[in-house]
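Chemist: Please see the structure below; I have some questions.
The values are calculated or read from the model by the stated rules, or taken from the named source; none is laboratory data. Note that the coordinates shown come from a computational prediction; the quantities given were computed from them, not determined experimentally. Positions of Cβ are backbone-derived with ideal geometry, glycine not excepted, and every protein chain shown enters the neighbour counts. All accessible areas refer to the heavy atoms of the entire protein, side chains included, with ligands and DNA or RNA removed. Shrake-Rupley method; radii C 1.70, N 1.55, O 1.52, S 1.80 Å.
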Amino acid sequence: MLRVFEENKIPIDYIAGTSVGALIAAAFAGGSTLAEMEKIGLSTRFKDFAEWTISWKGLASDTRLQRYLRRLTPVRRFEDLKIPLTIAAALAVFAFANREFRTAPALIVGGLVVGAVIVAGARSARQKCSLARNCLMQEKM
């Protein structure tokens, strides 16, 4: 879709995405060209963004994914993007009454771009909670 807009010289004033669409939207909003994204995408292998590990957070570490996302989205904060961005995600909420994790829809429009993209792609409520906590800790640094 972005390529069609570009070919027809249709300006993009605002962009949004979720899951892998959040990654593409963030890269584009950060100033990456479609050619740059395509080149990185075609050369990407599973080991470039994923790492199987055993930890209390789950079986996958997000360290490589963070590095990969920083290559595509060199802009650190939403406020510094060239095009305004919204990322749709389901954030984790811990229900104290019955001690379970639940998800709630959220639109992320500020803070750290890489953290928001990771949260948008996280699969489980427990993983989302862990990622959100890590994003908040990074935010305070």
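Chemist: Take F94 and tell me if it is over 30 Å from E7 (Cβ atoms), more than 12 Å from the chain's Cα centre (by Cα) and either surrounded by fewer than 17 Cβ atoms within 10 Å (Cβ to Cβ) or modelled with pLDDT under 80 (or both).
Modeler: Considered against the rule, which asks whether it is over 30 Å from E7 (Cβ atoms), more than 12 Å from the chain's Cα centre (by Cα) and either surrounded by fewer than 17 Cβ atoms within 10 Å (Cβ to Cβ) or modelled with pLDDT under 80 (or both), F94 comes out as yes.
Chemist: (1) touching a helix residue (DSSP H, G or I) at 6+ places or on another chain (Cβ under 9 Å); (2) at pLDDT 85 or above; (3) open to solvent by 60 Å² or more (accessible area, probe 1.4 Å); (4) not aliphatic (A, V, I, L, M): which one isn't true of G111, the others all being true?
Modeler: (3)
Chemist: Of all residues in the stretch 13-39 being surrounded by 15 or more Cβ atoms within 10 Å (Cβ to Cβ) and β-branched (V, I, T), which is modelled with the lowest pLDDT?
Modeler: T18
Chemist: How about the stretch 41-73: which of its residues are modelled with pLDDT of 80 or more, under 27 Å from L107 (Cα atoms) and either in a helix (DSSP H, G or I) or open to solvent by 50 Å² or more (accessible area, probe 1.4 Å) (or both)?
Modeler: Residues satisfying the conditions are G41, Q66, R67, Y68, L69, R70, R71, L72.
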